Amino acid sequence: MADETPSIDTLAVWGGETGRDFWERSTQLPLVASASFGYHDLEEWIDVSLGRKPGHIYSRNTNPTVAVFEEKVRLLEGAEAATSFATGMAAVSNTLFALLDPGARVVSVRDSYGGTTKVFTDFLPRLGGQATLCPTGDHEALEREIAQGCAMVYVESPTNPTIKVHDIARLARAAHAVGALLVVDNTTATPINTRPVTLGADLVLHSATKFLGGHEDAMGGVVCGPMALVQKIYHYREITGASLSPFPAYLLLRGLKTLAIRVRQQNSSALAVARFLEGHPAVASVGYPGLESHPAHDIAKRQMQGFGGMLCFTLKEGWPAVQRALPRLRYAHCAASLGGVQTFVGPPATTSHVECSAEERAALGIPEGLIRYSTGIEDPSDLISDLSHAIG
Ligand SMILES: Cc1ncc(COP(=O)(O)O)c(C=O)c1O
């Protein structure tokens, strides 16, 4: 008899899919592309509608394919409950708007993903809220701001695009001391490398478009945490409507089956690429948590099982060198995404922070010459010779 708690590799493959009675004995989860679910028995219809019986009514609320996606991510993150969204930004904004009361204060950092920063700076204030953005990775500054009182602490780890690492257990202690929630965007680490809920975070969310799906063919988002909080977020989403559709859920589920092997390959390739870049004469700096030179290497060693597939670097000759190098890459899409089986590369000005002006990026501490590199599952020696040729 296998151990009661399966490993994360097994959960990625089987999580949410064991013991289910799929349609016509199919071994693979069907794509249930139905907007609604019919009932001849009106009593049963009412019971399902009111949650007294399991079942589905309308796919903006719940759907069988989408429910398995939520269950698999819930198991991978080790959380009590999960709910899903049409995109990662819907997961971010629905979480904030469902949980924050008017006038609430959020403490976060300057270089979260650009869309998230825009929610903090452009939309939260319109609802009377406020976000205080500390220097990224500065735990003392974060703790000082948190101690002054706030409703929520919000961080990514590693951050996009500067690949800084936040100490989740430390921030959870600081947040809980003032009765605040800690929300962690785990998109870049994935549960294979970090499980924020097990480190004390209240909620963990993802752009599932990235590593979870892994194939750049479906968009989605998901948030996991305690039932009471997830229920509130679910209720906000089912009414405001940014629900995940069955077809992307189906594609994301197919991608999730290989999450563990993809991410481990990306971890080891990213480390090899980072070490190569660190020794290259044209490279000014490299940011990768697996390098001893990374300012938060010790935190990363403590809280990460692997250092992730993402890194960033700058070239000594700055922006002109970036413009020359990127189009020369054969094995990287110059495109605004990350976490796929193919390598993706781009500067923040065209990727994570395209929504921000050059002045805003500078104020957020994001250099124009930075290159964000998301390692795919190609042979790392091909990636390195490709980079060598491009920046050489
Ligand atoms: C860390 C992070 N969070 C959230 C998002 C938003 O996700 P989506 O593009 O799926 O809306 C992104 C997108 O790049 C991201 O990198």
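The values are calculated or read from the model by the stated rules, or taken from the named source; none is laboratory data. Since the structure is predicted, the reported quantities are computational estimates derived from the model, not experimental observations. Reconstructed Cβ throughout: ideal geometry from the backbone, glycine too, with neighbour counts over all protein chains shown. Just the protein is used for accessible areas: all its heavy atoms, side chains included, with ligands, DNA and RNA removed. Shrake-Rupley method; radii C 1.70, N 1.55, O 1.52, S 1.80 Å.
With the contact rule set at Cα under 8 Å and sequence spacing of 6 or more, what percent relative contact order holds for segment 189-330?
Numbers: 162 pairs, mean separation 34.0, N = 142.
In percent, rounded to a whole number, it is 24.
How large is ³J(HN,Hα), in whole Hz, for each residue of segment 232-248 in order, when computed from phi with the Karplus curve 6.51 cos²θ - 1.76 cosθ + 1.60 and θ = phi - 60°, using x for Gly and Pro?
4, 5, 4, 4, 4, 5, 5, 8, 7, x, 7, 7, 6, 7, x, 5, x
What fraction, in whole percent, of alpha-carbon pairs in segment 282-392 exceed 17 Å separation?
57
Considering the alpha-carbon set of segment 226-341 alone, what are its Rg and its Dmax in angstrom?
Every Cα atom of segment 226-341 included, Rg and Dmax give 19.0, 55 Å.
When the chain is fully extended, how far beyond the present Cα-Cα distance does His215 get from Ile46, taking 0.36 nm per residue of separation?
Working: separation 169, 0.36 × 169 = 60.84 nm, distance 3.94 nm.
That pair, His215 and Ile46, stretches by 56.9 nm at full extension.
Which residue fluctuates most in the GNM of the chain (Cα springs below 10 Å): Pro295, Pro196, Pro248?
Of Pro295, Pro196, Pro248, the Gaussian network model singles out Pro295 as fluctuating most.
Go ahead and set up a Gaussian network model of the chain, Cα springs under 10 Å, then flag whichever of Leu291, Leu50, Leu256 fluctuates most.
Leu50
Enumerate the lysines that Lys316 could reach by cross-link, defined here as Cα to Cα under 27 Å, with residues fewer than 8 away along the same chain left out.
Partners found: Lys164.
Among the aspartates and glutamates, select those whose C-alpha is under 12 Å from the C-alpha of Lys72, and discard any that sit fewer than 8 residues away in the same chain.
List returned: Asp9, Glu17, Glu80.
Multiply the residue separation of Ser36 and Ala336 by 0.36 nm, subtract the distance between their alpha-carbon atoms, and state the gained length in nm to one decimal.
104.6 nm
Can you tell me the relative contact order of the chain? Whole percent, Cα pairs under 8 Å, sequence separation 6 or more.
17
Reachable aspartates and glutamates from Lys118, Cα under 18 Å, same-chain residues fewer than 8 places away excluded?
The reachable aspartates and glutamates, counting only those whose Cα sits under 18 Å from Lys118, are Glu156, Asp185, Glu355, Glu359, Glu360.
Taking only the C-alpha atoms, wrap a convex hull around the chain and report its volume per residue in Å³ as a whole number.
Convex hull volume per residue, Cα atoms: 148 Å³.
Of the accessible area of the chain, with the probe set at 1.4 angstrom, what percent is carbon plus sulfur?
Its accessible area is 55 percent carbon and sulfur atoms.
For the chain, find the longest principal axis of its Cα atoms and tell me its angle to the long axis of helix 380-391, 0 to 90°, nearest 10.
So the inclination is approximately 50 degrees.
Please identify, among Gly114, Gly55, Gly365, the residue showing maximal mean-square fluctuation in a Gaussian network model of the chain using a 10 angstrom Cα cutoff.
Gly55
Counting pairs of alpha carbon atoms under 8 Å apart in space and at least six apart in sequence, what relative contact order in percent does segment 1-117 give? Show your work: numbers first, answer last.
Details: 72 pairs, mean separation 26.3, N = 117.
Computed over segment 1-117, the figure is 22 percent.
So if R0 is 22 Å, what FRET efficiency would Lys316 and Glu140 give, r being the distance between their Cβ atoms, rounded to the nearest 0.05? All intermediate terms of the calculation are to be shown ahead of the outcome.
On the way: r = 31 Å, r/R0 = 1.42.
Approximately 0.10, to the nearest 0.05.
Would you calculate the volume per residue, in Å³, of the smallest convex hull containing every Cα atom of segment 173-263?
100
In square nanometres and to one decimal, what's the mean projected area of the convex hull around the Cα atoms of segment 107-262? Write out the running numbers ahead of the final one.
Numbers: hull surface 37.6 nm².
That works out to 9.4 nm², a quarter of the Cα hull's surface.
According to the Cα gyration tensor, what semi-axes, each the square root of 5 times an eigenvalue, does the equivalent ellipsoid of segment 152-226 have, listed from largest to smallest in whole Å?
They are 23, 13, 10 Å, listed largest first.
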